1. Which value, to two decimals, describes the C-alpha radius of gyration of region 91-133 once divided by 2.2 N^0.38 Å?
2. May I ask you to compute the full-extension gain from GLU98 to LEU132, defined as 0.36 nm times their residue separation minus their alpha-carbon distance, rounded to one decimal in nm?
3. Working with all protein chains in place, sort PHE109, PHE101 by solvent-accessible area computed with a 1.4 Å probe, largest first.
4. In whole percent, what relative contact order does region 12-72 give with Cα contacts below 8 Å and a gap of six or more residues?
5. How large is Rg/Rh for region 12-72, to two decimals, with Cα atoms and a Kirkwood Rh?
6. How much length is gained if the chain between SER110 and SER25 is pulled fully straight, taking 0.36 nm per residue apart and subtracting their Cα-Cα distance, in nm to one decimal?
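The values are calculated or read from the model by the stated rules, or taken from the named source; none is laboratory data. Bear in mind the structure is a predicted one, so any value in this text is a computation, not a measurement. To get the accessible areas, we keep the full protein, side chains included, count just its heavy atoms, and leave off ligands, DNA and RNA. Shrake-Rupley method; radii C 1.70, N 1.55, O 1.52, S 1.80 Å.
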Amino acid sequence: MQSAEAKFNRNSLSLTLKQYSSAVSDMEKTILLPSLLRDVPSDCEAADETCRDLYANYLMLKAIRNTVESSLVPLDDHKAKNATFTKTPEPFLEADPEALFLFHLRGLFSVMSDLTKETRSLTDKYLDIIGLAN
């Protein structure tokens, strides 16, 4: 039997993932000519190469949605990304498993919320480009 808190967290995670998927679907339905997003700079504070144009963001958001919906992450890709974020796993080895899980769950909520906002923002920018802004 699951506790009410665990059921709430699961439902919230499902809701967060559905909201992101819905935002990307709306973006795909709205953006009929993605090529109009090429060479349009994104609102990026960094002045280095991490700033992409809106077209690259569009492709990235769609790719992330496909990964979220399929729940498939290649094992090698997962290991490579993990090595990038944590060079030494020692701080995590002694952590309480529940605290570690909650830490990652909060991070996932934060990332998915940010991606949903970015998706909606990109859709709004496209509507502005074609002259149909709200």
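1. Against the empirical 2.2 N^0.38 Å value, I get 1.92 for region 91-133.
2. 7.5 nm
3. Heavy-atom accessible area, descending, gives PHE101, PHE109.
4. 34 percent
5. 1.03
6. The span from SER110 to SER25 would gain 28.6 nm if fully extended.
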